[in-house]
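The values are calculated or read from the model by the stated rules, or taken from the named source; none is laboratory data. Please read all numbers here as calculations on a predicted model, not as lab measurements. Note: ideal-geometry Cβ built from the backbone for every residue, glycine included; neighbour counts use all protein chains shown. We work out accessible area using only protein heavy atoms, side chains counted, and drop any ligands, DNA or RNA first. Shrake-Rupley method; radii C 1.70, N 1.55, O 1.52, S 1.80 Å.
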Amino acid sequence: MSSPIFQPVTTLREPAELAARGLVPVGDLPALEKVAARYAIAVTPEVAALIDPDDPLDPIALQYIPSSEELVVEPGERPDPIGDQVRSPVSGIVHRYPDRVLFKLVHVCAVYCRFCFRREVVGPGKATALSDGAYQNALAYIRAHSEVWEVILTGGDPLMLSPRRLSEVMADLARIDHVKIIRIHTRVPVAEPQRINDKMVAALKVRGATTWVALHANHARELTPKARAACAAMIDAGIPMVSQSVLLRGVNDDPETLAALMRGFVECRIKPYYLHHGDLAPGTSHLRTTLEQGQAIMRALRGRVSGLCQPEFVVDIPGGHGKSPAGPTYLSVEKSFSADREQSAETRYRILDYCGDVHRYPPEP
């Protein structure tokens with residue numbers, strides 16, 4: 001699929017450029033050059049402006065600035081951590097769930113996250129987009145599978161396409177009768193908000209299908225006035241939005257920081273959707289939390305933050321088996337016998353409230 005892809009000329013792409021901006025120590029350059037030889041780097045001006053160069057633990061920098069720790073590959077980490085390849089019947093399509101497919105249009109992004117689960121297949125030196133033949137084959141697959149109700153545009157970042165090309169893709173999908181939902185996963189409103197202009201918003205709307213946009217952000221500081229305005233432009237045009245975030249060590253792995261992010265989404269009229277446990281991508285162990293930490297944070301949010309602000313904590317099972325909810329459990333079963341032993345046992349439950357108190361359900365008579 002031939003497609004114009006815009007790249008801002010002032011995006012920082014080389015370790016030396018990051019050092020010149022004071023975003024990495026000059027002494028780290030030899031190690032960072034090794035990182036750059038394997039994994040793409042891109043830091044847009046909008047993102048660079050959010051980073052405090054005097055804070056070695058800046059939560060924005062941890063997401064986007066390369067680290068020598070990426071050269072450490074732990075046992076269990078894998079190039080395809082969630083099994084895209086084993087669920088890909090044709091190039092560009094991942095069919096993991098019955099009623100929806102991923103449609104990977106492009107393999108470039110405005111920025112490259114250091115924890116990306118597709119870091120082995122995105123960025124310079126990789127195929128930038130589907131060929132025209134592969135694009136048509138992907139459309140043919142979707143047409144042939146009437147169970148596909150939703151198509152999720154991903155990659156890479158589909159909003160790196162020009163509005164003209166994106167409009168063509170949206171129209172092609174909307175012409176398939178059984179495709180009712182087109183969902184777009186993107187970082188662009190955060191990383192390059194000026195791309196969300198009138199032409200882009202118009203390209204997202206299409207007759208015959210409903211568009212949803214999922215915004216990826218991990219820290220409340222990413223929801224800048226410009227990012228909020230970009231999201232408002234889409235929402236005001238009638239495009240609903242949800243959020244996706246990854247639980248990251250040092251970035252958002254405490255209840256207060258995560259609550260601020262989720263409240264920020266809701267203030268932007270974006271419904272919190274998924275909070276992902278970090279995938280087993282190579283060189284990302286320094287950013288992964290444990291499942292238990294994620295469960296504890298979700299437990300701390302419950303009851304203390306509005307229900308509108310509650311994402312679902314999920315883990316993507318390696319091998320292509322899909323997402324599974326991994327949040328804390330509040331319910332356990334206990335048996336309570338009636339006074340008359342001839343009567344059958346009554347099932348009662350123990351329920352933990354958000355304060356940590358235990359209650360029986362149904363209550364004792």
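Go through region 83-140 and give me each residue that's in contact with a Gly (Cβ under 9 Å, 6 or more places away or on another chain) and part of a helix (DSSP H, G or I).
Listed by number, the residues that qualify are 85, 86, 87, 134, 135, 137, 138.
Conditions tested, residue by residue: (1) out of contact with any strand residue (DSSP E or B) (no Cβ under 6 Å at 6 or more places or on another chain); (2) farther than 27 Å from residue 175 by Cα; (3) open to solvent by less than 70 Å² (accessible area, probe 1.4 Å); (4) modelled with pLDDT of 95 or more.
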{"position": "76", "(1), (2), (3), (4)": "yes, yes, yes, no"}
{"position": "87", "(1), (2), (3), (4)": "no, no, no, yes"}
{"position": "113", "(1), (2), (3), (4)": "yes, yes, yes, yes"}
{"position": "138", "(1), (2), (3), (4)": "no, no, yes, yes"}
{"position": "144", "(1), (2), (3), (4)": "yes, no, no, yes"}
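State which residue is farthest from residue 181 (Cα to Cα) when the search covers only region 146-159 and only residues that are open to solvent by 20 Å² or more (accessible area, probe 1.4 Å) and out of contact with any His (no Cβ under 6 Å at 6 or more places or on another chain). Give the derivation first.
First pass over region 146-159, keeping only residues open to solvent by 20 Å² or more (accessible area, probe 1.4 Å): 146-147, 149.
Within this subset, residues satisfying the condition of being out of contact with any His (no Cβ under 6 Å at 6 or more places or on another chain) are 147, 149.
Values: 147: 12, 149: 6 Å.
Across region 146-159, the extreme among qualifying residues is 147.
Only one residue in 356, 264, 303, 283 is open to solvent by less than 60 Å² (accessible area, probe 1.4 Å), out of contact with any strand residue (DSSP E or B) (no Cβ under 6 Å at 6 or more places or on another chain), more than 23 Å from residue 117 (Cβ to Cβ) and modelled with pLDDT of 95 or more, so which one is that? Give the steps one after another, and end with the answer.
Values: 356 fails: modelled with pLDDT of 95 or more; 303 fails: modelled with pLDDT of 95 or more; 283 fails: more than 23 Å from residue 117 (Cβ to Cβ).
None of the other options fit; the residue is 264.
Within region 55-74, which residues are in a loop (DSSP other than H, G, I, E, B), of a type in the set (D, E, K, R) and at pLDDT 95 or above?
We begin by selecting, within region 55-74, every residue in a loop (DSSP other than H, G, I, E, B); these are 55-58, 65-67, 72-74.
Next cut, of a type in the set (D, E, K, R) only: 55, 58, 74.
Correct list: 55, 58.
Taking helices (runs of 4 or more DSSP H) that fall entirely within region 218-304, which contain at least 1 residues that are in contact with a Ser or Thr (Cβ under 9 Å, 6 or more places away or on another chain), without any contact (Cβ under 8 Å) to a residue 24 or more places away in the chain and aromatic (Phe, Trp, Tyr)? First the steps, then the outcome.
Details: elements: 225-236, 255-267, 291-301.
Output list is empty.
Residue by residue through region 168-204, note down the ones that are within 24 Å of residue 64 (Cβ to Cβ), open to solvent by less than 30 Å² (accessible area, probe 1.4 Å) and outside any helix (DSSP H, G or I).
Narrowing region 168-204 to residues within 24 Å of residue 64 (Cβ to Cβ): 184-197, 200.
Cutting the leftovers down to open to solvent by less than 30 Å² (accessible area, probe 1.4 Å) gives us 184, 186-193, 195-196, 200.
Selection gives 184, 186, 187, 192, 196.
Only one of 49, 19 is closer than 23 Å to residue 222 by Cβ, among the small types (Gly, Ala, Ser), modelled with pLDDT of 95 or more and surrounded by fewer than 20 Cβ atoms within 10 Å (Cβ to Cβ). Can you tell me which?
49
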